[in-house]
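The values are calculated or read from the model by the stated rules, or taken from the named source; none is laboratory data. Keep in mind it's a predicted model, so treat the numbers as computed, not measured. Positions of Cβ are generated from backbone atoms using ideal geometry, with glycine treated the same way; all protein chains shown enter the neighbour counts.
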Amino acid sequence: MVRWQRKITSRQRILGAGVPRKWALGAVMARLCLVGLGALPIAFKSPPAISAEWLYLRAGPLKLSLSVDSLETFAQTGVVDRELQFYARFAGEEAMTQLRAALKQRFQISSVVVSRLSYSPLGEEAFRQLGELIQTEAGLNGFYAMRSSWILAATNPEGFTLIDLIRHFPTRGILFDASRLLAVQRLFTALSSLKCTPLSRQQT
């Protein structure tokens with residue numbers, strides 16, 4: 001009993017004075033666990049998401065580029081900056097008006113619906129074919145990147161736009177391979193012949 005009444009040392013304050021050693025060690029482990037749990041949000045904090053900043057068009061030996069910021073400014077304000085002006089000269093006023101309308105269009109599709117469709121056999125095939133046209137910056141099929149961007153963009157309860165889809169694309173750049181355009185057009189012509197009602201209209 002005398003041993004237990006000795007002066008409390010700093011080590012005992014940590015372990016817990018007046019308790020058997022095995023209990024004191026248990027108390028230390030418990031405190032360490034609490035500290036560790038408190039650090040979990042920091043240790044497992046998600047890194048900043050990578051989003052597309054550039055659009056690239058590859059047509060034979062040519063590779064053109066356009067920043068997503070330039071396209072987003074045009075969608076929001078209608079202003080054609082110096083970067084976009086190069087393309088606007090070739091597209092014409094009517095085509096640019098249609099482009100802005102397409103960029104501003106908001107889609108109301110839930111992420112659950114998008115996920116189910118994109119993981120269905122027909123949806124996977126459509127994304128893989130489209131991925132031949134819309135590729136990652138490294139020139140790989142954009143199947144997984146597009147599926148990810150669609151699901152993430154669809155989590156917005158207010159809907160999403162084409163700019164949102166681009167921003168959620170998980171590589172710094174998106175490469176459009178013009179040589180694949182005709183094949184993708186044939187695919188979606190075949191799909192449109194199924195006469196499916198667009199999902200955005202089903203919810204209205």
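Listing for the model above:
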item	result
Single unsatisfied condition, S120 versus (1) over 18 Å from R167 (Cα atoms); (2) hydroxyl-bearing (S, T, Y); (3) under 18 Å from the mean Cα position of the chain (by Cα)	(3)
Pair list, Cβ < 8 Å and 6+ apart or interchain, from the range 59-79 residues that are under 17 Å from Q105 (Cα atoms) and touching a residue at least 12 places away in the same chain (Cβ under 8 Å) to residues that are surrounded by 12 or more Cβ atoms within 10 Å (Cβ to Cβ) and charged (D, E, K, R)	V68/E53; V68/R167; F74/D81; F74/R100; A75/R100; A75/K104; G78/R100
Cβ pairs under 6 Å, 6+ apart, first in the range 140-157 and β-branched (V, I, T), second in a helix (DSSP H, G or I) and at pLDDT below 95	I151/S111; I151/V114; I151/S115; T155/S111
Cβ pairs under 7 Å, 6+ apart, first in the range 97-117 and under 13 Å from F74 (Cα atoms) and in the same structural domain as I151 (by TED's automatic domain parsing), second assigned to a helix (DSSP H, G or I) and of a type in the set (V, I, T)	L103/I163
Flag if E124 is modelled with pLDDT of 90 or more and surrounded by 12 or more Cβ atoms within 10 Å (Cβ to Cβ)	yes
Within the range 51-63, considering residues that are assigned to a loop (DSSP other than H, G, I, E, B) and surrounded by 11 or more Cβ atoms within 10 Å (Cβ to Cβ), the one modelled with the lowest pLDDT	S51
Of residues in the range 172-204 being farther than 22 Å from F74 by Cβ and in contact with a strand residue (DSSP E or B) (Cβ under 7 Å, 6 or more places away or on another chain), the one modelled with the lowest pLDDT	S200
